[in-house]
Amino acid sequence: MMHDHDLVLRPTEAQTAAALAPPPGRTGGDLVVETLRSLGATTVFGLPGQHALAVFDAVGRSDLRLVGLRTENNAGFAADAYGRITGEAVPLLLSTGPGALMALPALQEAAAASAPVLAISSQVPVAGLGGGRRGHLHELRDQAASFREVVKSVHTARTPSQIPSVIAEAWESALTTPHGPVWVEIPEDVLRAETFIPQVTGTDATPHELAPRPELTALAAHWLGRAERPVIVAGGGVIRADAAGKLRQLAERLNAPVVTTFGGKGAFPWTHPLSLRSWLEDRHTTDFLEDADVLLVVGSGLGELSSNYHTFFPTGRVVQIEADLGKLESNHPGLGIHADARLALQALLETVPERPDPTVAERVRLLLADVEARLAAQDVALERGLLASIRTALPARSPSFWDMTVLSYWAWSAFDPKHPNTMHSAQGAGGLGYAFPAALGACVAEPGTPVLAVSGDGGAMYSLAELATARQHDLDVTWLIVDDGGYGILRAYMTDAYGTPVGTELTRPDFVALAASFGVPATLTTPEDLSADLRKSLATPGPSVVVLPATLRMFAPTHL
């Protein structure tokens with residue numbers, strides 16, 4: 001007797017093999033691209049190089065968006081910003097040797113800021129690995145050694161079949177708290193090799209959660225609930241963990257004042273009655289923090305800048321929540337809680353009691369008044385006015401990116417970012433040239449949102465080539481260049497320390513004319529016109545440059 005299921009036509013072995021056979025011409029480069037797509041990547045940054053051409057060929061045949069910058073370091077800064085804005089792992093495609101090494105400063109900044117950059121570099125052919133010294137183009141004795149002490153983890157694929165697993169492993173590492181850059185390298189011949197491996201479709205790389213140990217959060221909640229003068233220091237870990245809302249809930253429940261570090265700008269509302277803002281380079285703030293009987297430090301290692309150049313010495317108990325194990329109790333002993341800021345704050349919210357404090361608002365007001373009085377006694381009206389002009393012109397939701405320049409040093413302490421994750425600078429590693437290429441990465445991450453970059457003329461020279469990138473991709477960026485004819489902050493430091501600055505004076509171009517040569521409109525502005533000129537540039541789609549000739553000074557330090 002014949003049953004219905006007997007009528008089903010089953011494929012022959014040849015038909016099954018044909019269905020599973022990959023399209024002809026696929027290479028290791030295709031495996032890279034397919035793995036990235038299966039992990040959720042939509043955009044890649046980078047520059048082609050001879051050893052990496054198979055990857056770029058595969059990118060060109062895919063639906064990935066390639067944003068090519070003009071130097072590898074700038075591509076790394078752009079990827080860093082994309083990762084900070086989106087919280088996603090960002091592929092950065094590099095070639096062997098010089099191209100790879102050019103990205104090192106950007107990867108150092110990404111590591112300092114916990115930006116999830118997935119650097120994928122080519123390597124010399126397999127036969128040249130392990131110090132074989134075959135004399136290949138771009139050959140290094142041990143390329144990965146140059147990156148191992150900078151990135152979170154290093155991964156190598158030596159055969160095509162290893163590529164999907166290696167990239168997935170690196171992706172998971174980049175997105176596991178604390179986020180950070182990772183390094184993948186694949187030999188040129190592995191990238192070029194044709195492969196019969198089926199198309200990559202089912203890759204999983206779920207990052208691990210870093211939850212706090214409950215006995216630690218219970219003790220921290222006990223201390224905080226019974227404190228007389230609790231204070232909170234909110235660092236960049238709050239921003240990376242998207243925990244600003246939970247931070248505010250905890251501060252209000254405890255009636256605890258909050259100061260944000262320079263990396264944590266925006267983690268707490270600037271005008272909130274409990275906000276101490278970001279005046280960490282101020283002795284009044286340092287004294288206020290030292291007076292706390294319980295200091296809760298969330299997502300900060302209390303490093304040089306966050307401790308007023310290591311002049312801060314707490315007198316009460318310290319509770320430190322930090323995802324980077326190496327930063328836990330690295331500067332001050334205390335109750336170290338190794339955890340993601342969001343999960344740790346949630347645990348505290350579940351156990352900490354309400355703590356009324358009728359005096360806290362007045363104590364905060366008096367501290368800010370002391371800071372204001374100190375500044376009012378100095379000749380810094382120009383600098384404060386410029387920050388106010390930028391704040392007026394910049395839409396509240398627009399990201400801003402700040403280079404290592406005098407105005408940025410001011411902004412760390414005095415600029416109101418309005419919202420979390422909207423103000424970014426290179427203060428993590430402290431390298432020049434960050435602002436403009438990073439702003440380009442933010443433009444790619446948030447199309448339709450105007451983005452501001454702020455540089456000095458010295459830092460701008462690192463990034464001028466990216467005017468071509470901004471124009472090529474029509475990115476909605478406004479670049480403010482404060483032109484003081486040199487490395488202004490170094491000029492000031494060297495004059496103070498040694499009397500005469502050396503190497504700080506620079507011959508620079510006509511930035512307005514130079515921008516115009518790239519097809520980018522530019523404006524020469526004044527302090528009085530800055531707000532209007534910035535507002536106009538930010539409201540005009542596409543790239544623009546605003547040049548402000550001005551020599552700025554820093555407020556007097558309090559740590560000396």
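Here are the numbers for this structure:
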| quantity | calculated |
| --- | --- |
| Lysines with Cα under 22 Å of LYS152, excluding same-chain neighbours fewer than 8 positions away | LYS327 |
| Summed side-chain charge close to ALA339 - residues other than ALA339 whose Cβ falls under 15 Å, Lys, Arg +1, Asp, Glu -1 | -3 |
| Region 183-292, dipole about Cα centre (Lys/Arg Cβ +1, Asp/Glu Cβ -1), debye to the nearest 20 | 640 |
| For region 153-244, the Rg and Dmax computed from alpha carbons only, in angstrom | 20.9, 68 |
| Protection proxy ranking, peptides 310-319, 443-452, 117-126, 93-102, average beta carbon neighbours within 10 Å, highest first | 117-126, 93-102, 443-452, 310-319 |
| For region 316-321, 3J(HN,Hα) per residue [Karplus equation, 6.51 cos²θ - 1.76 cosθ + 1.60, θ = phi - 60°, Hz, x = Gly/Pro] | x, 6, 10, 10, 10, 9 |
| Accessible area per residue, Å², the chain with all protein chains present, probe 1.4 Å | 41 |
| Answer label, with Cα extents along the principal axes in Å calculated from the coordinates and candidates [x] 95, 50, 39; [y] 92, 63, 50; [z] 80, 58, 46 | [y] |
| Heavy atoms of THR203 accessible to a 1.4 Å probe, total area in Å² rounded to 10 | 30 |
| Region 452-560: radius of gyration over Cα atoms, expressed as a fraction of 2.2 N^0.38 Å | 1.18 |
| Cα-derived Rg to Rh of region 72-229, Kirkwood definition | 1.11 |
| Sum of side-chain charges, GLU169 neighbourhood, beta-carbon under 15 Å (Lys, Arg +1; Asp, Glu -1) | -1 |
| Total formal charge among the other residues, if their Cβ is under 11 angstrom from that of ASP416, Lys/Arg +1 and Asp/Glu -1 | +4 |
| Among LEU295, LEU247, TRP279 - extreme Cα towards positive end, dipole of region 238-319, charges at beta-carbon | LEU247 |
| Partner lysines for LYS536 [C-alpha distance under 23 Å; skip if fewer than 8 residues away on the same chain] | LYS418 |
| Among THR495, ILE321, SER173 the positive-end extreme of the charge dipole of the chain (Cβ point charges) | THR495 |
| Taking N as its residue count, the alpha carbon Rg of region 390-510 over 2.2 N^0.38 Å | 1.09 |
| Calculated from backbone phi, Karplus (6.51, -1.76, 1.60) coupling profile of region 197-203 in Hz, x at Gly/Pro | 5, x, 4, 6, 9, x, 7 |
| Dipole-positive endmost among VAL454, GLY431, GLN378 within region 334-462 (Cβ charges, Cα centre) | VAL454 |
| Cβ-Cβ FRET estimate between ARG65 and ALA539, R0 fixed at 22 Å, reported to 0.05 | 0.30 |
| Only Lys, Arg (+1) and Asp, Glu (-1) charged, at Cβ; the chain dipole about Cα centre in debye | 160 |
| Candidates per GluC sites (Glu not before Pro) in region 187-272, loop by DSSP, up to 15 other Cβ within 10 Å | GLU209, GLU228 |
| Value of [θ]222 nm, deg cm²/dmol, for the chain, DSSP H segments ≥ 4, -39500 (n - 2.57) each, nearest 500 | -11000 deg cm²/dmol |
| Of all accessible heavy-atom area on the chain, the percent that carbon and sulfur account for (1.4 Å) | 54 |
| Long-range HN-HN contacts of VAL482 with modeled amide H, under 5 Å | SER455, GLY456, ASP457, LEU548 |
| Dipole magnitude (debye, nearest 20) for region 252-357, charges at Cβ of Lys, Arg, Asp, Glu | 180 |
| Relative contact order, percent, the chain [alpha-carbon distance under 8 Å, six or more residues apart] | 12 |
| For GLY336, distant residues with modelled amide H under 5 Å away | GLN320 |
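The values are calculated or read from the model by the stated rules, or taken from the named source; none is laboratory data. Keep in mind the model is a prediction, meaning the values are calculated, not measured. With ideal geometry, Cβ positions are generated from the backbone for all residues, glycine too; neighbour counts draw on all protein chains shown. Only protein heavy atoms, including side chains, enter the accessible area calculation; ligands, DNA and RNA are left aside. Shrake-Rupley method; radii C 1.70, N 1.55, O 1.52, S 1.80 Å.
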